[in-house]
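The values are calculated or read from the model by the stated rules, or taken from the named source; none is laboratory data. Quantities reported herein were computed from a predicted structural model and do not represent experimental measurements. Counting neighbours? That spans all protein chains shown, and the Cβs are built from the backbone with ideal geometry, glycine included.
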Amino acid sequence: MAETILIVDDEPEMVEFLETLLSFKGYQTLDAYSGAEGLQKARRQRPDLILLDLTLPDGDGMQILKTLRCEERTAGIPVLVVSGRDNPQARMESLQAGAGAFLLKPYHPQALLDEIEDKLKKE
């Protein structure tokens, strides 16, 4: 059975791009356009991995990451932060809060796929 990846990003073009890329590689995808929707889907559907943007319309993705890490049902789900925040503090904070990796937008699609494969192998 294919692994499921939850994409939490408020940019429809980015979500569509990621869905296409990941589907082509054999992954199933779920999408969420807000932090609240992302938390709800993570709790209910327990994806194998989450791609999380830090800038969301209903709050900070960093808080979503911290919430995911604090809840028993979602604590073990690998999270890759994919963000346009180009500063060392965002990267460091993300990794300290429990992200498996931090990728800066725009990124090379193969770099993302490599991170996903690495994190799913460790599961």
May I ask you to verify whether Ile50 is farther than 17 Å from Gly98 by Cβ and of a type in the set (A, V, I, L, M)?
no
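Among strands (runs of 3 or more DSSP E) lying entirely in segment 19-123, which contain 2 or more residues that are touching a strand residue (DSSP E or B) at 6+ places or on another chain (Cβ under 8 Å) and either among the charged types (D, E, K, R) or in contact (Cβ under 8 Å) with a residue 24 or more places away in the chain (or both)?
28-32, 49-52, 79-83
Condition check ((1) over 14 Å from Ala101 (Cα atoms); (2) of a type outside the set (Val, Ile, Thr)) across all residues:
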position: Tyr27; (1), (2): yes, yes
position: Asp31; (1), (2): yes, yes
position: Gly38; (1), (2): yes, yes
position: Thr55; (1), (2): yes, no
position: Ile77; (1), (2): no, no
position: Leu80; (1), (2): no, yes
Looking at segment 75-99, which of the residues that are touching a Pro at 6+ places or on another chain (Cβ under 9 Å) and at pLDDT 95 or above is surrounded by the most Cβ atoms within 10 Å (Cβ to Cβ)?
Ala99
Mind listing just one residue for me: the one in segment 1-46 that is of a type in the set (Gly, Ala, Ser) and in contact with a helix residue (DSSP H, G or I) (Cβ under 8 Å, 6 or more places away or on another chain) and, of those, surrounded by the most Cβ atoms within 10 Å (Cβ to Cβ)?
Gly38
